[in-house]
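Structure, as structure tokens:
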Amino acid sequence: MDTRQWRDTIAAAQDGDRRALDELVEGWLPLVYNIVGRALNGHADVDDVVQETMLRAVDNLGSLRDPDSFRSWLVAIAMRQIRDRARRRTPAPLDESATGGAADFAELTILRLQLEGQRREVAEAVRWLDDEDRQLLSLWWLEVAGELTRRELAAAVGISRQHAAVRVQRMKERLETSRGIVRALDGACPDLRELTARWNGRPDSVWRKRLARHIRGCGYCGDSRESVVPPERLLVGIALVPLPVGFTLSLALGGKTAAAATATVASVGWTAKVMSALTQPVVAATAGATIVAGGAYVVTQTPDAPPPKVAVLPTAASTHRAPPVVDTPSVSPSRPPSPSATPMKTLLYGSVVDAVDRAPDPDTPPAALPHRPETGVTSTGGAHAVMNHRGDSVTLTGKGYVLVRWQISPQYRAGGLVMPSWTGLRGELFHVASGGGRRMDDPVSATDSSATGMGNSTVGYTVLPAGTQQMWQNEYFYLDGSVTLTVNERGADYGLSVFPSSWDAAEKDITTGPDQGVKRYGLVRDTGKDDTPVPQYVTRSTPADAATVAQESRVSEP
């Protein structure tokens, strides 16, 4: 969810537009609810902290100078309220079972998102983290899902990006320990049953240490019967937990009624204007919530509404299908629908899109690469453009071949990757071949079996959106016209190098096989016709935010 998409709405709300404020609060409330809910694990104070966060955001919206910073600003407010709540409480350990009827957030996550297997295990492991780790995880979870950036995470915690990387790594280590505890408690170890005979069933730091010590010395509990998937690969693509039915958010200042609040703040300008609008006797229906007179937001979805589906991670074992049919995950109102490829009945230009496919046999040479006409391609980035930051772009013009070389950097920041996009297309653009000697998910280490070009078990993995074609080190495209390629870095860290190229260079690359020191031959995608695949994220339009380009790549001529 990108703040830039909300620029006009934020500006209108700052000017006192009631409808814009309604839309702003309704759209961003689920993000705040997920941060606070997970940080406090669904404690009874969640509603109060969420309400205080949104109230302060509404009250201080007029002081926000840059609408593009709204998300980081709102998240920082939420974290301050969480920390303030912790300081106000007594130093005695928090009994999370005393929730006064509030739902345990781990259980709520499992039920509402229908989590199973290792995803369920991660959600349950959160209960075993200390308050500080849970607060950090509430942000990191959203970073992996692509909802926050590492810069925003660091700013919300009040530390540098380098320090944030260290903190996140330590938190992940404790999360893995907690996952082992969840796994062991589901097992049948007789020694563990004896150890936990006097345990009251509530996770705490003392029992976490005792159980972790047992697991380290127990051959039964320490023997995982399945490959343990890193949490960042499990969490990517998971929707926000929807607001619970009956959740109410009142925007009355200081617990007063909206009318009283209006009288109280009548002299403070912008706030008075907003609160005055909120007191009008109007009921505004929104997606999943109702905004009633007095500024109360009440979730009105039916209790038996189907929960969101969890996105399925693409794997190298997925079979090729063209065009694919992808089950689009349901998402909360706060984030745009996940893009998915849609089958079309006619094979017009642009209708055949890459799908998640199986890597070819490494020793099988590729098919012949059709030679399309080429007069050369020029780039605004020159002969070798290097793009490492979000928003970096080059415009390519001409008739010929283009090489895009990937640089995945999980050692700096792993997690969900937002794919680069091709916008403002004029003419035709085809994805003709893949090379570089390896796919990015190929193994890269003789000593670390977990290491691929997408990361390893120590630093984590870069994970593609569900349904996205796995990239190779080198990807070749054929352009006849003009197009702009933009890096949409958010979540995982990556870079692109872009070279105007030629058929000769592409053909030489893809036919260099394993016997010449690389892992595999390349792959030819070009059929020589207009049913050759196009990049998945390409559009003829020029959106304000290039990251919003849909995966379906409908670029047929009008």
Report task. Report relative contact order for region 410-558 in percent, whole number only (criteria: Cα-Cα under 8 Å, sequence separation at least 6). Result -> 38 percent
**Report entry** Net +/- balance of residues flanking Ile110 in space, Cβ distance below 13 Å, scoring K and R +1, D and E -1
**Finding:** 0
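Compute the length gained on full extension between Val166 and Thr447: take 0.36 nm times their separation in residues and subtract their Cα-Cα distance, giving the result in nm to one decimal. Before the final figure, lay out the partial values.
On the way: separation 281, 0.36 × 281 = 101.16 nm, distance 2.44 nm.
That pair, Val166 and Thr447, stretches by 98.7 nm at full extension.
Which chymotrypsin sites (Phe, Trp or Tyr not before Pro) in region 409-462 sit in a loop by DSSP (not H, G, I, E or B) and have at most 14 other Cβ atoms within 10 Å of their own Cβ? Before the final figure, lay out each step's value.
Details: sites: Tyr412, Trp422, Phe430, Tyr461; in loops: Tyr412.
The qualifying sites are Tyr412.
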Report summary line: FRET efficiency (Leu111, Arg7; Cβ distance; R0 25 Å; to 0.05) is 0.10
Query raised in the report: With the other protein chains left in place, how much accessible area per residue, in square angstrom, belongs to region 1-72 at a 1.4 angstrom probe?
Result: 35 Å²
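Calculate, for Lys209 and Asp68, the FRET efficiency according to 1/(1 + (r/R0)^6) with r their C-beta to C-beta distance and R0 35 Å; round to the nearest 0.05.
Working: r = 44 Å, r/R0 = 1.25.
With a Förster radius of 35 Å, E is 0.20.
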Requested in this report: For Ala197 paired with Val228, estimate the spin-label separation in nm (one decimal), with each label point 7 Å from Cα along the Cα-to-Cβ line.
Outcome: 2.8 nm
**Report entry** Whether region 398-446 is rounded, prolate or oblate, judged on the alpha carbon gyration tensor where a/c under 1.5 counts as rounded
**Finding:** oblate
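Using a Förster distance of 45 angstrom, determine the FRET efficiency expected from the C-beta separation of Arg19 and Arg390, and round it to 0.05. Can you show the working numbers first?
Working: r = 30 Å, r/R0 = 0.68.
The formula returns an efficiency of 0.90 here.
Take each of the peptides 509-517, 360-368, average the number of other beta-carbon atoms within 10 Å over its residues, and list them starting from the highest.
On the way: 509-517: 15.3, 360-368: 13.1.
Ranked by mean Cβ neighbours within 10 Å, highest first: 509-517, 360-368.
The values are calculated or read from the model by the stated rules, or taken from the named source; none is laboratory data. No experiment lies behind these values; they were computed from the predicted model shown. Positions of Cβ are backbone-derived with ideal geometry, glycine not excepted, and every protein chain shown enters the neighbour counts. Quick note on the areas: whole protein, heavy atoms, side chains included, nothing else; ligands and nucleic acids left out. Shrake-Rupley method; radii C 1.70, N 1.55, O 1.52, S 1.80 Å.
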